[in-house]
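Shown next, in structure tokens, is the structure this report addresses.
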Amino acid sequence: MHPNVPDGFQPFPEDQGFTNHIGPLYFRVEDGVGIMGFVVQEIHMNPAGICHGGMMMTLMDMAVGMNVQLAAKTEAFSPTIQMSYDFLQPAFKDEWLVSEIDFRHTTRRLGFASGLMVGPNGPVMRCNGLAKLPSANDPRFAKAEGAAAFIRS
């Protein structure tokens, strides 16, 4: 593991499709809240020499989905319906960035959450998200497991 990864984090599985191309990613669960993070590396940089916004958006999308699943006590994949992001300051190479998700509410089929991505100099991004909670027999998501499935294992 990278030396900037804090104690208690473990590697996010690398057999999850798209995430194979953006890692390594790390996670832990603390008091029922899923926390995700990564160390900004060369592959995460944009031409301006700062962390690419798309990388930060991807991690926060995953962190919101994970926390909706944890709050709803489901292992089913929870696809994103809507996400909004605000970039607050740049993040630089070798910085540890971590999600801080505030789960808001679930209905029968929806989960709401907001959060911050925080670096060594404070928040770098904020987000608000809405994720679908599919029914257990929804064939569109039957083969997909959400992040909560391997976190609980």
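Within region 7-27, identify whether any single residue is closer than 14 Å to Leu97 by Cα, touching a Pro at 6+ places or on another chain (Cβ under 8 Å) and of a type in the set (A, V, I, L, M), and answer yes or no.
yes
Can you tell me how many residues in region 107-133 are touching a strand residue (DSSP E or B) at 6+ places or on another chain (Cβ under 7 Å) and among the polar types (S, T, N, Q)?
2
Which condition from (1) touching a strand residue (DSSP E or B) at 6+ places or on another chain (Cβ under 9 Å); (2) modelled with pLDDT of 90 or more; (3) within 23 Å of Pro134 (Cα to Cα) is the one that Thr58 breaks?
Exception for Thr58: condition (1).
Being surrounded by 20 or more Cβ atoms within 10 Å (Cβ to Cβ), among the aliphatic types (A, V, I, L, M) and in contact with a Pro (Cβ under 7 Å, 6 or more places away or on another chain) narrows it down to one residue among Ala131, Ala91, Ala72, Ala63; which is it?
Of Ala131, Ala91, Ala72, Ala63, the one residue that is surrounded by 20 or more Cβ atoms within 10 Å (Cβ to Cβ), among the aliphatic types (A, V, I, L, M) and in contact with a Pro (Cβ under 7 Å, 6 or more places away or on another chain) is Ala131.
Which numbered condition in (1) in contact (Cβ under 8 Å) with a residue 24 or more places away in the chain; (2) in a strand (DSSP E or B) is the only one that Asp102 fails?
Asp102 satisfies all of (1) in contact (Cβ under 8 Å) with a residue 24 or more places away in the chain; (2) in a strand (DSSP E or B) except (1).
Pick from region 106-118 the residues that are within 18 Å of Asp61 (Cβ to Cβ) and over 13 Å from the mean Cα position of the chain (by Cα): which of them is surrounded by the most Cβ atoms within 10 Å (Cβ to Cβ)?
Per the criteria, the residue is Gly111.
Would you be able to tell me the number of residues in region 57-97 that are under 30 Å from Pro47 (Cβ atoms) and over 15 Å from the mean Cα position of the chain (by Cα)?
So the count comes out to 10.
Working only within region 37-54, note down all residues that are under 14 Å from Glu95 (Cα atoms) and under 13 Å from the mean Cα position of the chain (by Cα).
Result: Gly37, Phe38.
Taking Phe77, is it of a type in the set (Phe, Trp, Tyr), within 20 Å of Ile35 (Cβ to Cβ), surrounded by fewer than 16 Cβ atoms within 10 Å (Cβ to Cβ) and modelled with pLDDT under 90?
Answer is no for this residue.
Of everything in region 41-65, what is without any contact (Cβ under 8 Å) to a residue 60 or more places away in the chain and either out of contact with any Phe, Trp or Tyr (no Cβ under 9 Å at 6 or more places or on another chain) or not in a helix (DSSP H, G or I) (or both)? Give them in sequence order.
Gln41, Glu42, Ile43, Met45, Asn46, Pro47, Ala48, Gly49, Ile50, His52, Gly54
The values are calculated or read from the model by the stated rules, or taken from the named source; none is laboratory data. Note that the structure is a prediction, hence the values are computed from the model and not measured. Glycine also receives a Cβ, built like all others from the backbone with ideal geometry; neighbour counts cover every protein chain displayed.
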